[in-house]
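**Student:** Mind looking over this structure? Questions follow.
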Amino acid sequence: MNIHEYQAKQLLKRYGAPVADGVVVMNAGEAEEKAKQLPGPLYVVKAQIHAGGRGKGHFKEAEAGEKGGVRLTKTPEEAAAEARKMLGNTLVTKQTGEDGKTVGRIYIEDGADIDRELYLSVIVDRSSGRVAFIASTEGGMDIEEVAESTPDKIATVTVDPSEGMTDAVADKLVAALKLDGKAAEQGRELMGTLYKAFTESDMAMLEVNPLIVMENGGLRVLDAKVGFDPNAEFRHAEFEELRDETEEDPLELRAGKSDLSYVKLDGNIGCMVNGAGLAMATMDIIKHYGAEPANFLDVGGGATKEKVTEAFKIITSDAGVQGILVNIFGGIMQCDVIAEGVLAAVEETGLNVPLVVRLEGTNVDKGKAIIDGSDLNVIAANDLDDAAQKIVKAVQG
Ligand code: ADP
Ligand code: MG
């Protein structure tokens, strides 16, 4: 789960990170009153969406003005005016795709006098099996571009989990960011703060871009992006209130509520599979035969008829789906339960795309008989290879 910049900053502030004062605005009416709580003289108005690149982004609607999603203003009145222009409108950035994202919340923040913009992030580095810090003096811009053109300007330092953050690691990072004096001291402390926040909150990603050195020599977290590890969310009921459902894919949200592992993808063949490994293999073989899967979907080992029905409905609600492949191995789950679930769903939603069903395992004959006995227009398949070829052919005509 990802959270908004202002939420990430509030979390980091509680750990002691240097974060400016700011106010959250949910509707235009409260913007001016709230902005007046800030000291000034600079009020930065920031659109809150779960995507970066806001500063260089643009709005679709003319009424939002020509500027991007981060606007510098000099009075609370001006800040409120900019907030009003952005709220409810669609911000398009490099990370949103061309559809953009609707701005439902604004963060107005005390403006900083920037001397230098740096890059600092924390991730789980799977190759070393450790938490890694990535630091660069080239902050504020596209880090992928820096990695491409000047990779020597990016330092990666991993943390030994048995030691936690050490002086040696903090010193390396401070050196990579070329910090000195007061900023170096603050930087060393910040590394420990971020490490603690990252591990205690089970984050998957924490990106501060930019971390700035201010003209007064101090450091400040100017932007913050946080994603939590979904596998550890059960340990953090307190983060549930940070969820912004408007930022999530509606089908993924719905699947999550039914405890289905579903990830929407861009292809046109919807897949209903049990077991993550089989789901991956099914996606691979669809690609092998020249088509693209519309989703990853693992209904799980012990799915009920209701769960299968819901899964099928989710697949058919995706407008991009032009064909469906059901590929189930009946182990714990029985093929006849799957067959009944599929039929129940089709009865409710109708079926206007080709459907290929491949069943194998426990009660396979019963399952096949249920499908064959219906007047559904189902293409039966004998094995995975056969199933993939049949659905690709049915969709591509
Ligand atoms: P994004 O990465 O989505 O574009 P940022 O929060 O990084 O959004 O803001 C973009 C740029 O706007 C920053 O690199 C910085 O130059 C400027 N900026 C952002 N917040 C402030 C602030 N509080 N004070 C001064 N400048 C800011
Ligand atoms: Mg940024």
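**Student:** In debye, nearest 20, what is the charge dipole magnitude of segment 114-239 about its Cα centre with +1 on Lys and Arg Cβ and -1 on Asp and Glu Cβ, if you could check?
**Tutor:** The dipole magnitude comes to about 220 debye.
**Student:** Taking segment 250-396, how many lysine pairs are there with alpha carbons less than 25 Å apart, if each pair must be eight or more places apart or span two chains?
**Tutor:** Count of close lysine pairs: 24.
**Student:** I've got another one for you. For segment 1-66, run through the chymotrypsin sites (Phe, Trp or Tyr not before Pro) and keep only the ones in DSSP coil with at most 10 other Cβ atoms within 10 Å of their Cβ.
**Tutor:** Filter output for segment 1-66: empty list.
**Student:** Nearest 10 degrees is fine. How inclined is helix 384-396 to the longest principal axis of the chain, computing both from alpha carbons?
**Tutor:** 80 degrees
**Student:** Taking the chain as the reference, fit the longest principal axis to its C-alpha atoms, fit the long axis of helix 276-288 to the helix C-alpha atoms, and give the angle between the two in degrees, 0 to 90, nearest 10.
**Tutor:** Approximately 80 degrees, to the nearest 10.
**Student:** Which loop GluC sites (Glu not before Pro) in segment 9-96, with loop taken from DSSP, have no more than 10 other Cβ atoms within 10 angstrom of their Cβ?
**Tutor:** Glu66
**Student:** Pull up the DSSP beta bridges for segment 250-396 and report the antiparallel fraction as a percent, rounded to 5.
**Tutor:** Working: 4 of 21 bridges.
Antiparallel bridges make up about 20 percent of those DSSP assigns within segment 250-396.
**Student:** Moving on. What is the sum of charges around Gly330, taking Lys and Arg as +1, Asp and Glu as -1, for the other residues whose C-beta is under 9 Å from the C-beta of Gly330?
**Tutor:** -2
**Student:** Under a straight-distance cross-link criterion of Cα-Cα below 26 Å, which lysines are reachable from Lys85, leaving out those fewer than 8 residues away in the same chain?
**Tutor:** Lys9, Lys34, Lys36, Lys46, Lys56, Lys60, Lys67, Lys74, Lys94, Lys101, Lys225
**Student:** What angle, in degrees between 0 and 90 and rounded to the nearest 10, separates the Cα long axis of helix 181-200 from the longest principal axis of the Cα atoms of the chain?
**Tutor:** 20 degrees
**Student:** Just going by the charge dipole of segment 114-239, with Lys and Arg at +1 and Asp and Glu at -1 on Cβ, which of Ser128, Thr166, Ser201 is farthest out on the positive end?
**Tutor:** Thr166
**Student:** In segment 170-267, which GluC sites (Glu not before Pro) fall in coil by DSSP and have 12 or fewer other Cβ atoms within 10 Å?
**Tutor:** Answer by residue number: Glu215.
Each reported figure results from applying straightforward, stated rules to the coordinates on display, with no laboratory input. Being a predicted model, the structure only gives us computed values, none of them experimental. Because the Cβ atoms are built from the backbone with ideal geometry, glycine has one as well, and the counts that use them run over all protein chains shown.
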